[in-house]
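All remarks here apply to the structure that follows.
The values are calculated or read from the model by the stated rules, or taken from the named source; none is laboratory data. Since the model is a prediction, treat every value here as computed from it, not as a measurement. Glycine gets a Cβ as well: all are built from the backbone with ideal geometry, and neighbour counts include every protein chain shown. Surface accessibility is based on the protein's heavy atoms, side chains included, excluding ligands, DNA and RNA. Shrake-Rupley method; radii C 1.70, N 1.55, O 1.52, S 1.80 Å.
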Amino acid sequence: MSELLNFNYPPEQAVERITFFADVILPLPLPKLYTYRIPFEMNDEVVVGARVIVQFGSKKVLSCIVAEIHQNAPADYQAKYILDVLDDKPIITTPQLRLFKWIADYYMCTLGEVINAALPAALKLSSESRIQLHPHYNPEEDELILAPQEEKIIYALQQNQALTFTDVGNLLQIKSYHKFIKSLIQKEAIIIYEQVSDKFSPKVVKKVRISEHFVQDEGMLEELFNQLAPQPKQLDVLLNYLQKVPVHQDIHLNYKGIAKNELTNSPHLSASSINTLIKKGVLEQFDQVVSRFPVEHQHKLLPMTLSEHQAKAKDEILGQFKEKDTVLLHGVTGSGKTEVYIDLIKHALESGGQVLYLLPEIALTAQIVQRLMKVFGEKLGVYHSKFSDNERAEVWQGILSGRFQVVVGVRSSVFLPFHDLSLVIIDEEHESSYKQYDPAPRYNARETALMMAHLQSAKTLLGSATPSVETYYNCKTGRWGLVEMTKRFGEAQLPDIELVNTREEQHRKNMHSHFSGKLLTAIEERLSRKEQVILFQNRRGYAPFISCDECSWIPKCKHCAVSLSYHKYNNELRCHYCGYHERMPHDCPACGATTLKSMGFGTEKVEDELKLLLPSADVQRMDLDTTKKKNSYQQIIADFETGKTNVLVGTQMVTKGLDFEHVSLVGILNADTIINFPDFRAHERAYQLFVQVSGRAGRKEKPGAVIIQTRDPLQPIFRKVRSNDYQSLYEHEIDERMRFGYPPFVRMIKVIVKHADERVAENAAIVLAKDLTDRLGKQQVLGPEVPYIFKIRNLFLQEVHIKLPRETTNLRTAKGQIAQAIFNLKLLPDFKDVRVVADVDPA
Ligand code: ADP
Ligand code: ZN
Ligand code: ZN
C-alpha cells in the first residue's frame, strides 16, 4: 500500500479564500520549524512533503520541506509568504517524515540537520543554485517540446555555461519561475550545475514510443492509422514500431518503447518521417538511463539455484519472519549469504513491496551491483557518495515514481523516500562504518534502518559472519530470530590460519623489511600458481610518522594533536584528521640533520616494498588515497577480478565482503596495532577484522591460507580466530559488558566539548559534567577526560561519557536532561562559544 502524502483542499474552500499556513523544515540547524503563509493562489498547490521556496532572514532564498499545513498564524511573528512551489507531489513521504523526526529525537539533533543530510544537494535549492545544460542534451538536434519560457532559458544556457536561479528570475521577469526549471530538469534538458563535470555521466539511449493517449484505447490508434494513410512513409514507421512492440498484446510494452536507432537504422524507413512523427506528437522521444555500471563481466554470472543449506536457511528465515520482524543470518564467510538475500528480495518483490539492501562500503557495492543487475535489471537503484548530486536526485525520484523497487546503497540510503518497504537487508551488520560520526545527524544506519522497517511494517534481515555483540544478544534473548549457516558454499573450506612471530623472525634475521620470509615465500608460491593474494595493513600512506635520527624531532599537524603521515607518491606530509599537508622537508628543521627516517608503515610502503622484493607481483593498492575518483573502486576490483593484477594491498576496504575466486592467500602484516586499541570494543573489533579479512581466502575450489604477522602470537584472540569460535568470543564479551556496564546493558552517550582555548574547554567540561551528575546521578556520568587525540582542527577536546542502564532509564527524559544541561552551559558568559556535541551510541 502506497502511503504517499496527499493534501487536497476541497475546491470550494479555495474559493472561500481561507488563509493557510505551512510549517516548513529549513535545511539548517534550527531548533524549531518556521511558519510561512500560503498565498491564496497557491492554496491548491502546496502539499505536505513537497518543497517550497521561502525567504529566510533578510537575503537568503531557499527551498524547504512542508511539514504541516494548518490555519494558525504564528503568535510571535508575522508570517512571510511562501514565494513559489517546487513540487506538485511530495518528495518526502509520510513514513519518511516520521523517521526523520525519530532520527532527530534519538540522535539529539535538529530536523533541519536531518533534512540537510538526507536530501541530495540537487534537491536543495537556493537563489544561488545554478543550472547548466544536460550533458546529453543538444538543443540543435534533440526535439523537445518546450514552453516559450523554457526556450528562453535554454537559449541563455547556450550562451552561458551556467545560470543562477536569480539569473533565471531576471531573465523571465517573473517571480514564479521555478516550475520552468523543474520542467526542464524533468525533460532532461538541464541539470543542477556541478562543479566537477565528469561526475555526471549516465549512459542514456534515445528511445521512442507512441504517445500515451494513442494507445489508451484501440479507437484512437485506428483513428491515427486513418489520419496517416496519406503519408505512407510515416505509416511504415508506425507499423514497424508496432511489429517490434506489440502494443495490441500488452499496452504496457509501449512504456518501454524501443531504441530510436532501431528505427532509424532500418534501411526501408525514412529518418525524416520518424522525426516528423515525433514533431507531430505521434511518437514521443525519451532518454533512458541504461545502467551506470560496467557490464563487461556480466556474462560470467550464471543464474544460480540455492544449495540445500541455502534453501534451508531461506525457509528458516521466512518461517521466523512469521513471528519476528527481525532476523539475523549468521553465516560463516563464503557460506553464500548473498544468494540467500537475492532470493528473499525476489520473494519480497513478488508481493509488491520495496526493498533496501544496505552495505557498509562502496567497494562492496561495485561487486554486488553487477550480480543484482543481472537479476533485477532496471528495477535496481544504486545510491552512494561517489555518484553525483544529480544522479542521487534521480535515484530519489525513481523511488518515488516506482521506477526503482530495489535499492542497494551505503549508510545514507536510509534517508531515501521509501513508502512501501517490505524488506530491509543489512549486510555485514557488525560494521562500524554504519555509524556516522560527523556532522550531525550522528546516526547509525543499522538502527535507523531497523526503525524505518518498523515504521513501514517491513521485515529486517541482518547478515554477518561476525555479528556485533549487541545484535547477537538480541537473538539470544529471543527478541530477534537467528538462522545459521556453518559451512562454506560448495566444496570450499574455511582457510588455515598461521601465525608468524615477527619478534622471533627479526632475531633470526628472517624479516625483509615488513615481510617475514614465510609470508614472502607464500606469496611467491601463489603467484607462480597463477593464484592471487590480498594483503591487509590498517594504515594508509607510506609511514604514519617520520622522525629525525639525530634529535628525535617528529613533525606534527599545525591544527591537530597528531603526527603527520608521510605519503611518498607526492612527497608530502599529511594530517589524516584535517587534511593539512606540507612538503616533506629535506632535512630536519630542528637540528639540520639530513637523517629523517620514516617510522612504522602504511599500505603505500607495503605496495612499494613488495614491488621491489617480488618483481613478478602486479600490485594494486586500494585505500582512501587510490579511490578518490568516481570509478576507481570498480576499476581496481575489475583489474583484480580479471587477473590484470595479482596482489591487492589495502586498508579496511579489502576486508569486507569482497568475493574473488582466485585468492588463495591473505596476509595480515601487523596484527598488533589492531589488538592494542583502547576501547571496550577492541577485542570484538579485532576478532571481526581478522575473521573477515581471512574470509577473503579460499572461497572457491582453491584452498585458502592466512598468514598473520604478530609480535605476540599468544594473545587469546588468535585462538578464537583460528578456530572460528564466535561463541566463545561472544560469551567472553557479553560477560565483560555486563560486569563493567557497557552496551547492550547500558546505552552510552558521549558528550564532546570543543573550544580553541584549552582551559575554556576544560572548565566547560567540568561544569557540564557536574550539572549532568546532578541531573542523572553519579554512577551515570564519567569524566570529563581528555581524549587520546586531544586537538582536532584547532579545537581542544574534552569528553564526558554517560552510561544509562537500559532497564531502568527513561531514555527520553534522560536525553531531555542532557539537552538542558548543554543549553544551560551555553548560557554562561564564559562558555557561550563553546561547542558541545552529543554522540548517541558512539561507535
Ligand atoms: P558470503 O556473503 O556468505 O561470504 P557469498 O554470498 O559471497 O558468501 O558466496 C560465496 C561464493 O559462493 C560466491 O563466489 C558465490 O558466487 C558462490 N555461491 C553462493 N551461492 C551459490 C549458488 N547457489 N550457486 C553457485 N555459486 C554460489
Ligand atoms: Zn633533527
Ligand atoms: Zn590536522
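Being on the phi > 0 side of the Ramachandran plot, within 16 Å of ligand 1 (Cβ to nearest atom) and touching a residue at least 12 places away in the same chain (Cβ under 8 Å) is a property that does not hold for G352.
Scanning the stretch 305-338 for residues that are near ligand 1 (Cβ under 9 Å from one of its atoms) and under 18 Å from H430 (Cβ atoms) turns up L329, G331, V332, T333, G334, S335, K337, T338. Applying the set (1) open to solvent by 40 Å² or more (accessible area, probe 1.4 Å); (2) assigned to a loop (DSSP other than H, G, I, E, B) to E498 leaves exactly one unmet item: (2).
Every test in (1) part of a loop (DSSP other than H, G, I, E, B); (2) without any contact (Cβ under 8 Å) to a residue 60 or more places away in the chain; (3) not hydroxyl-bearing (S, T, Y) is passed by A686 save one, and that test is (1).
Of all residues in the stretch 551-583, those satisfying the criterion of being over 17 Å from L624 (Cβ atoms) and within 16 Å of ligand 2 (Cβ to nearest atom) are C551, S552, W553, I554, P555, K556, S563.
Only one entry in K374, K322 is away from ligand 3 (no atom under 16 Å from the Cβ), free of Cβ contacts under 8 Å to residues at least 12 places away in the same chain and open to solvent by 30 Å² or more (accessible area, probe 1.4 Å), namely K322. Can you confirm whether S432 is of a type outside the set (D, E), surrounded by fewer than 21 Cβ atoms within 10 Å (Cβ to Cβ) and touching a Pro at 6+ places or on another chain (Cβ under 9 Å)? Yes; evaluated as a whole, the condition is true for this residue. Scan the stretch 811-843 for residues that are over 21 Å from F745 (Cα atoms) and not aromatic (F, W, Y) and the total you get is 17. Residues in the stretch 658-670 that are in contact with a helix residue (DSSP H, G or I) (Cβ under 7 Å, 6 or more places away or on another chain) and open to solvent by less than 20 Å² (accessible area, probe 1.4 Å) were compared, and the one that is nearest to ligand 2 (Cβ to nearest atom) is L669. Scanning the stretch 75-92 finds no residues that are within 24 Å of A440 (Cα to Cα) and either of a type in the set (D, E) or touching a Phe, Trp or Tyr at 6+ places or on another chain (Cβ under 6 Å) (or both). For the stretch 786-800, name all the residues that are away from ligand 3 (no atom under 16 Å from the Cβ) and either in a loop (DSSP other than H, G, I, E, B) or surrounded by fewer than 19 Cβ atoms within 10 Å (Cβ to Cβ) (or both). The answer is V786, and nothing else. The set of residues in the stretch 316-346 that are farther than 18 Å from W480 by Cα and part of a loop (DSSP other than H, G, I, E, B) comprises V332, T333, G334, S335, G336. Please determine whether any residue of the stretch 526-543 is within 30 Å of I103 (Cα to Cα) and surrounded by fewer than 22 Cβ atoms within 10 Å (Cβ to Cβ). Within the stretch 526-543 (the criterion being within 30 Å of I103 (Cα to Cα) and surrounded by fewer than 22 Cβ atoms within 10 Å (Cβ to Cβ)), the answer is no, since none of the residues qualifies. For G409, the conditions (1) open to solvent by 10 Å² or more (accessible area, probe 1.4 Å); (2) within 21 Å of K656 (Cα to Cα); (3) at pLDDT below 95 all hold with the exception of (1).
In the stretch 18-63, the residue that is surrounded by the fewest Cβ atoms within 10 Å (Cβ to Cβ) out of those that are assigned to a loop (DSSP other than H, G, I, E, B) and among the hydroxyl-bearing types (S, T, Y) is S58.
In the stretch 361-381, what residues are closer than 27 Å to D438 by Cα and modelled with pLDDT of 90 or more? Passing the criteria: only G381. The strands (runs of 3 or more DSSP E) falling completely within the stretch 534-650 that include 2 or more residues that are closer than 19 Å to L665 by Cα and more than 16 Å from ligand 1 (Cβ to nearest atom) map to 619-622, 647-650.
Take the conditions more than 16 Å from ligand 2 (Cβ to nearest atom), free of Cβ contacts under 8 Å to residues at least 60 places away in the same chain and more than 19 Å from V619 (Cβ to Cβ) and apply them to S547. Does it pass?
Criteria not met by S547.
The condition of being touching a residue at least 60 places away in the same chain (Cβ under 8 Å) and within 16 Å of ligand 3 (Cβ to nearest atom) holds for only one of L564, L624, L613, L573, that being L624. Here L171, L119 are screened, and the one residue that is open to solvent by less than 30 Å² (accessible area, probe 1.4 Å) and not basic (K, R) is L119. Set side by side, the residues T603, T626 differ, and just one is open to solvent by 20 Å² or more (accessible area, probe 1.4 Å), within 29 Å of the chain's Cα centre (by Cα) and under 30 Å from C548 (Cα atoms), which is T626.
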